[in-house]
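Engineer: I am attaching a structure below and will ask some questions about it afterwards.
FYI, it's all coordinate maths here, none of it is from the lab. On a predicted model such as this, the values are computed, not experimentally measured, just so you know. Note that each Cβ is placed from the backbone with ideal geometry, even for glycine, and that neighbours are counted across all protein chains shown.
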């Protein structure tokens, strides 16, 4: 056996042992919480730069692009060996394990379809059901590191009877479902530019016994139309916000979880969260009802929130640690803030 093969075999055994230990540690918490999709491994061992998530009885994960040149065939061999080690550790067939190579992303490339295999699993999360696609994209349709933030938003919606909630850049509407299932007669508007993700969102609502209506932006703002409480609105979020300002529409809770960067041809202009977040947050704050709250989250690296962007009536709190669930202890998670009126 060559030296590189020996090294790979040693790394596979290290991964095998680490996964067994992590799974044993987390499975009791997951069972108590009603969660069966969670983070098992996130580059815990520096020489094994993998991220591995368990989705009930299947696995999705990624190899992070290495900072040095590596032969594609050698990398594929290494990834296959790690897949076998994962299968052994979790007693899951290799055919239910999807490990991809995640390169540094710009724009919408992380949402680009890689294959058309359609390997779906339905997973549980704090009493809700979500459909995940483990095979076709880098992301599965459910961001596990924002699970606890979703729960915090459900709790916030429950405190305000009849809360009106707006979820911008809603993706597959996981935040929306948490708000929709809060106690009280909550109304939820979910905005995304992608028909694919809005269709997916509608499936998620249906899996939880709820019906969501698909609407174009024009129909949503038409004063003559009456709509059910859960709306999926196909629109550029930036255009939608501008129209909401013109129409005087307001909400009690706004969820703002934008992409780090987007240059989608469907959007009015490109978007960079580090460049554009101040104006975006200011617009959202102008659309809040008295006593309302804006929840802002971002995966942007080295992001700093400038407090001077706020009007005097608003203050903000960093809730990143509050939004960290047990499987992400000691791991990097998205930054999260809540903006409220200063008197609240």
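Engineer: Starting from the Cα of residue 113, step 7 Å toward the Cβ, then list every residue of the stretch 193-219 with an amide N under 16 Å from that point.
Structural biologist: Within reach of a label on residue 113, which here means backbone N under 16 Å from a point 7 Å along Cα→Cβ, the stretch 193-219 contributes 194-201.
Engineer: May I pose another question? So if R0 is 30 Å, what FRET efficiency would residue 64 and residue 305 give, r being the distance between their Cβ atoms, rounded to the nearest 0.05?
Structural biologist: It comes out at approximately 0.70.
Engineer: Could I ask something else about it? Given only helices, namely DSSP H runs of n ≥ 4 each adding -39500 (n - 2.57), what is the per-residue ellipticity at 222 nm of the chain, to the nearest 500 deg cm²/dmol?
Structural biologist: -10500 deg cm²/dmol
Engineer: By the gyration tensor of its Cα atoms, with a ≥ b ≥ c the square roots of the eigenvalues, what is the shape of the stretch 3-133: rounded for a/c under 1.5, prolate for a/b over b/c, or oblate?
Structural biologist: Oblate, because a/c is 1.5 or more while a/b does not exceed b/c.
Engineer: Something else about it: Among 37, 89, 237, which one shows the highest mean-square fluctuation when the chain is modelled as a Gaussian network with alpha-carbon springs under 10 Å?
Structural biologist: Highest fluctuation of the listed residues: 89.
Engineer: Right, another one. Angle between the Cα long axis of helix 195-207 and the longest principal axis of the chain, 0 to 90 degrees, nearest 10?
Structural biologist: Roughly 90 degrees between the two axes.
Engineer: Let me ask something else. How far is helix 72-90 tilted, in degrees, relative to the longest principal axis of the Cα atoms in the chain, given as a value from 0 to 90 rounded to the nearest 10?
Structural biologist: 80 degrees
Engineer: With a ≥ b ≥ c taken as the square roots of the eigenvalues of the C-alpha gyration tensor of the stretch 122-254, please select rounded if a/c is under 1.5 and otherwise prolate if a/b is larger than b/c or oblate if it is not?
Structural biologist: The shape class here is oblate.
Engineer: Could you give the length gained on full extension between residue 247 and residue 211, defined as 0.36 nm per residue of separation minus the Cα-Cα distance, in nm?
Structural biologist: Stretched fully, the residue 247-residue 211 segment lengthens by 10.4 nm.
Engineer: Relative contact order of the chain: what whole-number percent is it, with Cα pairs under 8 angstrom and at least 6 residues apart?
Structural biologist: Once normalised by length, the contact order is 13 percent.
Engineer: Additional query: Please work out how much length the chain gains when fully extended from residue 226 to residue 158, using 0.36 nm per residue of separation minus the C-alpha to C-alpha distance, in nm with one decimal.
Structural biologist: 22.1 nm
Engineer: Mind telling me which of 217, 322, 164 comes out most flexible in a GNM of the chain, alpha-carbon contacts under 10 Å?
Structural biologist: Largest GNM mean-square fluctuation: 322.
Engineer: Compute the semi-axes of the equivalent ellipsoid of the chain, taking the square root of 5 times each eigenvalue of the Cα gyration tensor, and list them largest first in whole Å.
Structural biologist: One finds semi-axes of 37, 21, 20 Å for the chain.
Engineer: State the antiparallel share, in %, of DSSP beta bridges confined to the stretch 3-133, rounding to the nearest 5.
Structural biologist: Beta bridges within the stretch 3-133, antiparallel portion: roughly 75 percent.
Engineer: When the convex hull of the Cα atoms of the stretch 144-341 is projected onto a plane and the area is averaged over all directions, what value comes out in nm²?
Structural biologist: 11.0 nm²
Engineer: Starting from 0.36 nm per residue, how many nanometres of slack lie between residue 286 and residue 74 once their C-alpha separation is accounted for?
Structural biologist: 71.0 nm
Engineer: Of the residues 203, 129, 94, which exhibits the maximal mean-square fluctuation in a Gaussian network model of the chain defined by a 10 Å Cα contact cut-off?
Structural biologist: It is 94.
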